[in-house]
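Undergrad: Next up is a structure, given as structure tokens.
The values are calculated or read from the model by the stated rules, or taken from the named source; none is laboratory data. Keep in mind it's a predicted model, so treat the numbers as computed, not measured. Note that we place each Cβ from the backbone using ideal geometry, even for glycine, and neighbour counts take in every protein chain shown. For accessibility, only protein heavy atoms count, side chains too; no ligands or nucleic acids. Shrake-Rupley method; radii C 1.70, N 1.55, O 1.52, S 1.80 Å.
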Amino acid sequence: MDIPSGFWLTLLACAGYGAIHSALASHTVKGWAERRFGQFARRTYRLFFVLMASLTTLALLAVPLLLPDRPLYVIPFPWIILTLAVQAFAVWGLLAALSQTDALAFLGLRQLSAPEPLRRRAKSGELITRGFYGRVRHPLYLFSLILLWLFPVVTWNILALMIGLTVYLYIGTLLEERKLLDEFGEAYAEYRRTTPMIFPRLLPGRVTRPRQEGE
């Protein structure tokens, strides 16, 4: 099979993107930034991370468009209506799941006025286990994968992007889980035992989850 060079270069770009993103999210780099820049890092590092993630994501999405490519398939009518509807639901799910978190802190805006250590132990009640987070531990990744794999027009380069980002999300999730265990301790360990990581259970069942403060 004659696979265009853009496919492999797109996969390579995904690997570079994942390496940069994971490094910036690591305790090692965060610890260095906090030691080097102190209070300034506590105020701005999360916002810097979000801006870097946004810029590198835009750059990565441009890669498939700039490299040699060939079409693979287009989802035909009327199936494209169904896939677009599911993608619209995924966009809503992303926004809804984000709204269940502290969105200002997630974007790094709250830290500008209320700086906090880049590596800390979470306070009691901070672990979110309601709503979408009661079904899966990483709903943002679930909805991102739905958007990714239901793209209506797929070329070799777009397929490489889909594969590369899926692999990165899986590896990134495992790395994030280690940090969450460090931050939340036994509360997250119990949450992990009772709640699927990315894909919800297909069959309903009684799931015992950790109680949040005030429940």
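Undergrad: Explain nothing, just the number: dipole magnitude of the chain about its Cα centre with +1 on each Lys and Arg Cβ and -1 on each Asp and Glu Cβ, in debye rounded to the nearest 20.
TA: Numbers: 23 positive and 14 negative charges, 128 e Å.
For this selection, approximately 620 debye.
Undergrad: Report, in deg cm²/dmol and to the nearest 500, the calculated mean residue ellipticity at 222 nm for the chain, where each DSSP H run with n ≥ 4 adds -39500 (n - 2.57) and the sum is divided by the residue count.
TA: -21500 deg cm²/dmol
Undergrad: Could you please report the charge total around PHE40, scoring K, R as +1 and D, E as -1 over all other residues with beta-carbon less than 15 angstrom from its beta-carbon?
TA: Here the count lands on +4.
Undergrad: With all protein chains present, how much of the accessible area of the chain (probe radius 1.4 Å) comes from carbon and sulfur, to the nearest whole percent?
TA: C and S fraction of accessible area: 69 percent.
Undergrad: R0 = 22 Å: FRET efficiency of LEU66 with ILE3, Cβ-based, nearest 0.05?
TA: 0.80
Undergrad: Hey, if you put +1 on the Cβ of every Lys and Arg and -1 on every Asp and Glu Cβ in the chain, which of VAL91, HIS27, LEU142 ends up farthest toward the positive end of that dipole?
TA: Ranked along the dipole, the leading option is HIS27.
Undergrad: Right, something else. Quick one: helix 5-25 against the long Cα principal axis of the chain, what's the angle to the nearest 10°, folded into 0 to 90?
TA: Long axis of 5-25 versus the principal axis of the chain: about 10 degrees.
Undergrad: Continuing with the same structure: Which value, in Å², gives the accessible area per residue of the chain when a 1.4 Å probe is used on the protein heavy atoms?
TA: Working: 13010 Å² over 215 residues.
Ligands and nucleic acids excluded, the result is 61 Å² per residue.
Undergrad: On a 0 to 90 degree scale, rounded to 10, what angle separates helix 156-184 from the longest Cα axis of the chain?
TA: Orientation of helix 156-184: about 10 degrees from the principal axis.
Undergrad: In whole percent, what relative contact order does the chain give with Cα contacts below 8 Å and a gap of six or more residues?
TA: Relative contact order for the chain comes out at 32 percent.
Undergrad: Here's something else I'd like to know. For helix 27-37, what angle does its Cα long axis make with the longest principal axis of the chain, in degrees from 0 to 90 and rounded to 10?
TA: So the inclination is approximately 60 degrees.
Undergrad: Could you check how many percent of all C-alpha pairs in the chain are farther apart than 26 Å?
TA: Here the tail beyond 26 Å accounts for 45 percent of pairs.
Undergrad: Normalised by the number of residues in region 1-109, what is the relative contact order in percent for Cα pairs under 8 Å and 6+ residues apart?
TA: 43
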